[in-house]
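Just below is one structure, and these are the notes that go with it.
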Amino acid sequence: MKFKKFVVIFIILLVFSLVSCATVPITGRKQMTLISSSQMLAMSQTSYQGLIAKAKLSKNMEKIALVKRVGERIALATGDFLKEKGMGTELKYYDWEFNLIEDEKTINAFCMPGGKIAVYSGILNLTDNEDQLAVVIGHEVAHAIAKHGNERMSQMLLVQLGGVALQKALAEKPKKTKRLYMCAFGLGAQFGVILPYSRKHEEEADHIGLILMAKAGYMPEEAVYFWQKMKNLGGVRPPEFMSTHPANDTRINNLKRLLSQARQHLKKY
């Protein structure tokens, strides 16, 4: 019985992978995305508003201005990037929003579809300058424009709900569908540690994130310094951001290898 179920799931995955493919910018990897951008945006707005309503937002105007300044530069660079890649039509789904959540113990950040970004104040204690904050925001935005969340949720819809359409899943199992969405973006009771991105997703986000920060006028070398610092902070209990986005020697070496390409996109401010 279990084998039969496995075969059915495999066939469903194979069929949908053939008819619902998207392409990740830069890497060119084909991915399965069963959910439309408009559907992801609608779910993102609802989930993000719910999270922000429950969060304690920072009142530190200097830090808020820092997050918005870096975020807006990354957002502009993202618009240029998508246009260059022939994905300019995707921009209609972006309504950028930047919030700083007051939580010194949480070292984390995330970007949901449509450019809904939240940074926890704890991570600002580990960023030495604007460039290193751009590493964090650029990396998270890269996950969004590469549609990694859509890809993961599509896979979970197939496996856990038998490949039913999103609208049907929302109608028949709204709570479970919402949980799938939250898990797809690593959000839940403990934000950022529910479901780490795969190694391939991380490599793509690192690559695209470097390009975005360079196009925004930030020094890509700071990505190496930042991840080296995060690696050294690992210890027995690594920060949430590092748990979701593992920092290791392979990642750092890959970043060093990509620096020369990223520098070609460096914009002077």
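Only the coordinates and a few stated rules stand behind these numbers; no lab work does. If you're wondering where the values come from, they're calculated on a predicted model, not measured in any experiment. Glycine gets a Cβ as well: all are built from the backbone with ideal geometry, and neighbour counts include every protein chain shown.
Quick look at the numbers
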quantity	calculated
Table column - 3J(HN,Hα) (Hz), segment 59-76, Karplus curve with 6.51, -1.76, 1.60, x for Gly and Pro	10, 7, 4, 5, 6, 4, 4, 4, 4, 5, 4, 5, x, 5, 5, 5, 4, 4
Ranked list, fewest to most other Cβ atoms within 10 Å of each Cβ, for V224, V67	V224, V67
Per-residue Cβ neighbour rank within 10 angstrom, fewest leading, T78, T23, T89	T89, T23, T78
D249 versus T46: modelled label distance in nm, points set 7 Å from Cα along the beta carbon direction	4.7
Length gained when the stretch S36-K105 is fully extended (0.36 nm per residue, less Cα-Cα span)	21.3 nm
Theoretical gain in end-to-end length, K231 to A53 [0.36 nm per residue, Cα-Cα removed]	60.8 nm
Burial order of peptide ranges 252-264, 107-119 (average beta-carbon count within 10 Å, highest first)	107-119, 252-264
Neighbour-count order for W96, W227, fewest beta carbons within 10 angstrom listed first	W96, W227
